[in-house]
1. Which far-off residues, 5 or more places away or on another chain, put their amide H under 5 Å from the one on R75, with H placed in the peptide plane?
2. With the calculation restricted to Cα positions, what are the radius of gyration and Dmax of region 1-73 in angstrom?
3. Given an 8 Å cut-off on Cα distances and at least 6 residues of separation, report the relative contact order of the chain as a percent.
4. State which entries of K18/K128; K52/K142; K21/K118 exceed 27 angstrom in Cα-Cα distance in the structure shown.
5. Per residue, what volume in Å³ does the convex hull of the Cα atoms of region 20-153 enclose?
6. Over the chain, with a Gaussian network built from C-alpha contacts below 10 Å, which listed residue (N36, N83, N67) shows the highest mean-square fluctuation?
7. If packing is taken as the mean number of other Cβ atoms within 10 Å per residue, what is the order of 45-52, 135-142, highest first?
Amino acid sequence: MRRPVKNRNIPGPDVRYKSQKVEKLINYCMERGKKNAARSIVYDAFDIVKDKTGEDPLVVFDTAVRNVGPTLEVRSRRIGGANYQVPREVRAERRFALALRWMVAAARAKKGSPMGKKLADELLAASKNEGEAVKRRENTHKMADANKAFAHFSW
């Protein structure tokens with residue numbers, strides 16, 4: 001068993017919403033150390049979400065993260081010369097990290113509009129259980145379901 005992480009770097013709350021989760025989203029959007037650019041992208045996306053829905057963007061963001069985060073995933077395990085895809089439950093921190101990563105990646109994959117608008121569209125779609133990030137979660141769950149025969153190899 002792995003030892004627990006002692007000095008994990010926890011980001012402080014963001015400037016506008018005073019939320020650590022929003023700060024993590026900003027960090028995932030950041031490229032080449034340009035934090036102010038990432039901040040403006042996320043805040044633009046939140047403003048667009050507020051304009052379109054009329055509700056608090058933090059509520060939409062939390063709903064989107066909850067909808068995108070996977071509960072099961074497969075991990076490769078080598079047993080007796082064969083590799084098995086063993087389904088495992090996902091820890092809460094990893095679920096949150098995967099949800100943010102998948103939403104930002106889905107927004108980046110779209111073409112033809114500013115990143116703030118693409119991220120807002122992905123947040124809105126994810127909060128309604130639609131979009132690329134939710135499809136990715138569904139695929140992950142399907143893989144885990146297809147390999148549940150190997151669940152007894154779990155460690």
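1. V86, R88
2. Final numbers for Rg and Dmax: 14.6, 48 Å.
3. Values: 190 pairs, mean separation 38.9, N = 155.
Dividing the mean separation by the residue count of the chain yields 25 percent.
4. Working: K18/K128 25 Å; K52/K142 32 Å; K21/K118 19 Å.
Going by Cα-Cα distance, K52/K142 fall outside the 27 Å limit.
5. Values: hull volume 16.6 nm³, N = 134.
Hull volume normalised by residue count: 124 Å³.
6. N83
7. Top of the packing list down: 45-52, 135-142.
Throughout, read-outs are computed from the coordinates displayed, never taken from laboratory work. All figures in this text were calculated on a predicted structure; none of them were measured in a lab. Virtual Cβ from ideal backbone geometry, glycine too; neighbours counted across all protein chains shown.
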